[in-house]
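The values are calculated or read from the model by the stated rules, or taken from the named source; none is laboratory data. Keep in mind it's a predicted model, so treat the numbers as computed, not measured. FYI the Cβ positions are ideal-geometry reconstructions off the backbone, even for glycines, and counts take in every protein chain you see. For accessibility, only protein heavy atoms count, side chains too; no ligands or nucleic acids. Shrake-Rupley method; radii C 1.70, N 1.55, O 1.52, S 1.80 Å.
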Amino acid sequence: MSSGHRYEAVGDGNIGVDAQVIPPAQDPTNADDSIGYETSIPIHPKILAPLCYVLPVAGGLVIILLERRNTYVRLHAWQSVIMSLIIGICLTLLFWVPLIPYLIHLLSVVAFIVCAYRAWRDADTLTFFKLGVVGDFAERQVLGSTVLPF
């Protein structure tokens, strides 16, 4: 089977953002492998991608380590881990400011719910919903570039 699926990044979710086509990952051991919906873990990407956001650091790291075939799932796993680390750093630096940690927690819960929903909804079209610089960095990690986005 030929790999006919394309992964499409839609900016930060805003309407009117130009989409960027991301080529699917290629498995060098199997040239006929259809990467679109097949995963190393025997779970459909429609379930596996949102799972990255349920337990952000742990779930994302486990999926990064175990999943080698599906670019869509790996993009969401990386985005989840990077977003979790940024939130953790912000909480560590701003824990002493009144009400800021509560606001960060609230915004992070909303961001994880939105990302999990979009990962589930967009799994049929393999459209990667990315959160600005975090999504750009996740793309660079999955696609093999080591250039920092900032």
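Using the Karplus relation 6.51 cos²θ - 1.76 cosθ + 1.60 with θ = phi - 60°, the per-residue 3J(HN,Hα) values for the stretch 59-67 come to x, x, 5, 4, 5, 4, 6, 8, 8 Hz, with x marking Gly and Pro. With a 1.4 Å probe rolled over the protein heavy atoms of all chains, the accessible area of GLU67, GLU38 falls in the order GLU38, GLU67, largest first.
Taking every protein chain into account, the 1.4 Å probe leaves PHE112 with about 30 Å² of accessible area, to the nearest ten.
Take the Cα of LEU65, step 7 Å toward its Cβ, do the same at PHE95, and the gap between the two points is 2.5 nm.
The residues THR39, THR71, sorted by heavy-atom accessible surface at 1.4 Å with ligands and nucleic acids left out, run THR39, THR71 from largest to smallest. Amide H to amide H distances under 5 Å link ARG69 with SER40, where only residues 5 or more positions off or on other chains count and H is placed in the peptide plane. Can you tell me the mean projection area, over all orientations, of the convex hull of the stretch 44-140's alpha carbons? Units nm², please. Its average projected convex-hull area is 5.9 nm². Were the residues from HIS44 through TYR117 laid out at 0.36 nm apart, the gain over their Cα-Cα distance would be 24.8 nm.
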